[in-house]
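I have placed the structure first, in the form of C-alpha cells, so that the comments after it can refer back to it.
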Amino acid sequence: MFISQFSADYIRKEINDIISETRKCISVGTRLFAKNISTFEAIIFIDRNGVPDGFILSEELKIKLREYREDFAKKVALQKQQ
C-alpha cells in the first residue's frame, strides 16, 4: 500500500521500530522475523506516515486512529508535567 510513497527499506525500518516499541517483551530475533503486524501497530504507522495514496480509512480505523492520537497527546502532556 505504501510502496508508491516510500522505499521498501524505509517501510521495513519503520515497522521494525514500531514493533520494537510495542513488543518489548519478546526477543529481538523474534521481532525481526515478525510476519504480521497488529491493527494497533498499523494505526501507529498510519499516524506517523499518513494514509496511503488512493486509500480511504474505514470508519472503524478512523475511530482507532483518533483514539490513538488522543491517548498519545495525553501521554505527552503528562510527560511534560513531570
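Pick out the one residue from Lys64, Lys74 that is at pLDDT 90 or above, basic (Lys, Arg), in contact with a Ser or Thr (Cβ under 8 Å, 6 or more places away or on another chain) and surrounded by 10 or more Cβ atoms within 10 Å (Cβ to Cβ).
The match here is Lys64.
Looking at (1) over 15 Å from Glu21 (Cα atoms); (2) out of contact with any Phe, Trp or Tyr (no Cβ under 8 Å at 6 or more places or on another chain), which one does Thr39 not meet, given that it meets all the others?
Condition not satisfied by Thr39: (1).
The values are calculated or read from the model by the stated rules, or taken from the named source; none is laboratory data. Bear in mind that the values here come from a model prediction, so they are computed numbers and not experimental data. In this analysis, Cβ positions are derived from the backbone assuming ideal geometry, glycine residues included, and neighbour counts consider all displayed protein chains.
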